[in-house]
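The values are calculated or read from the model by the stated rules, or taken from the named source; none is laboratory data. Because the structure is a prediction, the values reported are computed rather than measured. Reconstructed Cβ throughout: ideal geometry from the backbone, glycine too, with neighbour counts over all protein chains shown. What goes into the accessible areas is simple: the full protein's heavy atoms, side chains included, and nothing from ligands, DNA or RNA. Shrake-Rupley method; radii C 1.70, N 1.55, O 1.52, S 1.80 Å.
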Amino acid sequence: MDERWLIEQFKWLHRHPELGLREYETTAFVKDALRKHGVELLDAELETGAIAVVGRKDGPVVGLRCDMDALPIQEASGLDYASENAGVMHACGHDFHTACMLGAALLLKEREASLPGAVKVIFQPAEEIDNGAKLVVATGMLDDVRAFYAVHSYPWFEPGTLGIKAGPVMGAADRFAIRLKGRGAHAAHPEKSVDVIPALAAVIGSAQSVVSRNVSPFDCAVVSVTRVQAGTTWNIIPGEAELEGTVRTLSPAVRDDVQRRLEQVVRLTAEAYGCTAEIEFERGTDPVVNDASACERAAALAREMGFTVGRQEDALEAEDFSDYLNIAPGAFIRVGTGGTCAAHHPGFTADPAALLPAARYFAALAERELERLNREDMR
Ligand code: NI
């Protein structure tokens, strides 16, 4: 596999972005490239996405994961290989991730005879809509994986730098919905109502105090109210109101605390205004928590291969790589891809120069991990 070929695959993927669970062309393209190079595909029965396997069946198993879906964004990158699908764009580098792991799979294939185990390369659908990892995990085909590594592009590092950090790196993303109940009345007669509007305003205000007054300034949490709904017209006091929003946290303890305090504050605030509150708290994606020793090994290899290791910033966006880390430990690794725009921006770009080094790195990392697991098993 040479660099020109790999960059061509990346550019093709960039030109043909597809939204989550609709990655049909992308899946066909990836499977075709893998088959052409003799890489075995597992019969995962995924509608979109794929799992490839390289190596020996009787040894330990390591997982490499990339995601394949794009975003509903109109591209404005100015690239000569910009998206050909109107309103859809690879603005989070998932094209880079896919090409990177395609490259890693082919590099591992070249060394298949000497691999002391198997590498499962996961081409995950629907990361952006938060259910792709669950579909892949539900196939049961990753139950034997003992270490997982994921790639993610990172515009704030130049090519040649990897971001590797132990501990939580991406947040838990939970959703809450609140229904306030009072009693409606004519707007001219508030005394006949139990008005939900002042209760609603107070609930929004006091929800903000949960983070500022209950979470240590050395921890982090976000409470965002993102939807508010009450009333139908100007002269009627409504009897019901609805609120929706999200809580983002990095640690399980803070997550529990914020949920408990939010429920309490909302219930009691509503009560103070004579209203009742029903709160639905729905736990979403778990935080991505990188394993400390996995990070140590990953960083040592990165330095050995000539990369600079930077400290990646924590982020509170959801990342469903956490679903794999619930099976086995591992790390979510950022690859410096340069550029001037953040992920999810219409001007986002990923420098193709970072591609081959990243593919080589993940292939080497998987092989190293197989050797380590073999040593462990021999003990
Ligand atoms: Ni992403």
- Task: Just name the residue that is surrounded by the most Cβ atoms within 10 Å (Cβ to Cβ) out of those in segment 225-250 that are over 21 Å from Ser206 (Cα atoms), of a type in the set (Val, Ile, Thr) and in contact (Cβ under 8 Å) with a residue 24 or more places away in the chain.
- Result: Ile237
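What's the total number of residues in segment 21-49 that are under 24 Å from Asp80 (Cα atoms) and buried (at least 16 other Cβ atoms within 10 Å of the Cβ)? Give the derivation first.
Keep residues of segment 21-49 that are under 24 Å from Asp80 (Cα atoms), which gives 23-30, 33.
Next cut, buried (at least 16 other Cβ atoms within 10 Å of the Cβ) only: 23, 26-27, 29-30, 33.
So the count comes out to 6.
What do you reckon, is Ala82 in contact with a strand residue (DSSP E or B) (Cβ under 9 Å, 6 or more places away or on another chain), within 14 Å of the ligand (Cβ to nearest atom), aliphatic (A, V, I, L, M) and under 22 Å from Gly336 (Cα atoms)?
Values: in contact with a strand residue (DSSP E or B) (Cβ under 9 Å, 6 or more places away or on another chain): yes; within 14 Å of the ligand (Cβ to nearest atom): no; aliphatic (A, V, I, L, M): yes; under 22 Å from Gly336 (Cα atoms): yes.
Spelling it out, it is not the case that Ala82 is in contact with a strand residue (DSSP E or B) (Cβ under 9 Å, 6 or more places away or on another chain), within 14 Å of the ligand (Cβ to nearest atom), aliphatic (A, V, I, L, M) and under 22 Å from Gly336 (Cα atoms).
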- Note on the structure: Taking segment 50-68 and keeping only residues that are open to solvent by 20 Å² or more (accessible area, probe 1.4 Å) and under 18 Å from Gly140 (Cβ atoms), one is left with Lys57
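Condition check ((1) out of contact with any Cys (no Cβ under 6 Å at 6 or more places or on another chain); (2) closer than 21 Å to Gly274 by Cα; (3) small (Gly, Ala, Ser); (4) in a loop (DSSP other than H, G, I, E, B)) across all residues:
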residue: Leu200; (1), (2), (3), (4): yes, yes, no, no
residue: Ile204; (1), (2), (3), (4): yes, yes, no, no
residue: Val211; (1), (2), (3), (4): yes, no, no, no
residue: Phe218; (1), (2), (3), (4): yes, no, no, yes
residue: Val225; (1), (2), (3), (4): yes, no, no, no
residue: Gln229; (1), (2), (3), (4): yes, yes, no, no
- Item | Failed item, numbered, when Asp2 is tested on (1) free of Cβ contacts under 8 Å to residues at least 24 places away in the same chain; (2) crowded, with 17+ Cβ neighbours inside 10 Å | (2)
- Evaluate segment 15-28: report whether one residue or more is touching a helix residue (DSSP H, G or I) at 6+ places or on another chain (Cβ under 7 Å), in contact (Cβ under 8 Å) with a residue 24 or more places away in the chain and among the hydrophobic types (A, V, I, L, M, F, W, C). no
- Identify all residues within segment 5-20 that are buried (at least 16 other Cβ atoms within 10 Å of the Cβ) and among the acidic types (Asp, Glu); write none if there are none. Glu18
- Could you tell me whether segment 205-218 includes any residue that is within 22 Å of the chain's Cα centre (by Cα), open to solvent by less than 40 Å² (accessible area, probe 1.4 Å) and under 18 Å from Ala177 (Cβ atoms)? no
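Here's the yes/no breakdown for (1) open to solvent by 20 Å² or more (accessible area, probe 1.4 Å); (2) touching a residue at least 12 places away in the same chain (Cβ under 8 Å); (3) under 26 Å from Gly87 (Cα atoms):
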| site | (1), (2), (3) |
| --- | --- |
| Gly330 | no, yes, no |
| Ile333 | no, yes, no |
| Thr337 | no, yes, yes |
| His344 | yes, yes, yes |
| Gly347 | no, yes, yes |
| Ala353 | yes, yes, no |
| Asn374 | yes, yes, no |
- Candidate set: segment 132-155, residues that are within 18 Å of the chain's Cα centre (by Cα) and surrounded by fewer than 16 Cβ atoms within 10 Å (Cβ to Cβ); chosen: the one nearest to Met68 (Cα to Cα): Lys134
- Message: For segment 88-98, check the following and say yes or no: at least one residue is in a loop (DSSP other than H, G, I, E, B), of a type in the set (Val, Ile, Thr) and within 14 Å of the ligand (Cβ to nearest atom).
- Response: no
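I'd like to know if segment 100-122 contains one or more residues that are within 16 Å of the ligand (Cβ to nearest atom), open to solvent by less than 10 Å² (accessible area, probe 1.4 Å) and out of contact with any Cys (no Cβ under 8 Å at 6 or more places or on another chain). If you could, list the steps in order and put the result at the bottom.
To start, the set of residues in segment 100-122 that are within 16 Å of the ligand (Cβ to nearest atom) comprises 100-101, 122.
If we keep only those that are open to solvent by less than 10 Å² (accessible area, probe 1.4 Å) too, we end up with 100-101, 122.
Keeping just the survivors that are out of contact with any Cys (no Cβ under 8 Å at 6 or more places or on another chain) gives none.
For segment 100-122, residues within 16 Å of the ligand (Cβ to nearest atom), open to solvent by less than 10 Å² (accessible area, probe 1.4 Å) and out of contact with any Cys (no Cβ under 8 Å at 6 or more places or on another chain): absent.
Regarding Ala86, is this residue at pLDDT 95 or above, open to solvent by 40 Å² or more (accessible area, probe 1.4 Å) and more than 18 Å from the chain's Cα centre (by Cα)?
Working: at pLDDT 95 or above: yes; open to solvent by 40 Å² or more (accessible area, probe 1.4 Å): yes; more than 18 Å from the chain's Cα centre (by Cα): yes.
Answer is yes for this residue.
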- Item | In segment 169-186, the residues that are touching a Phe, Trp or Tyr at 6+ places or on another chain (Cβ under 7 Å) and either in a loop (DSSP other than H, G, I, E, B) or closer than 30 Å to Gly239 by Cβ (or both) | Asp174, Phe176
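Just need a number here: residues in segment 314-327 that are more than 14 Å from the ligand (Cβ to nearest atom), acidic (Asp, Glu) and surrounded by fewer than 20 Cβ atoms within 10 Å (Cβ to Cβ). First the steps, then the outcome.
In the first step, residues of segment 314-327 are kept if they are more than 14 Å from the ligand (Cβ to nearest atom); the result is 314, 323-327.
Checking which are acidic (Asp, Glu) leaves us with 314, 323.
Next, from what is left, pick out any that are surrounded by fewer than 20 Cβ atoms within 10 Å (Cβ to Cβ): 314.
The qualifying residues number 1.
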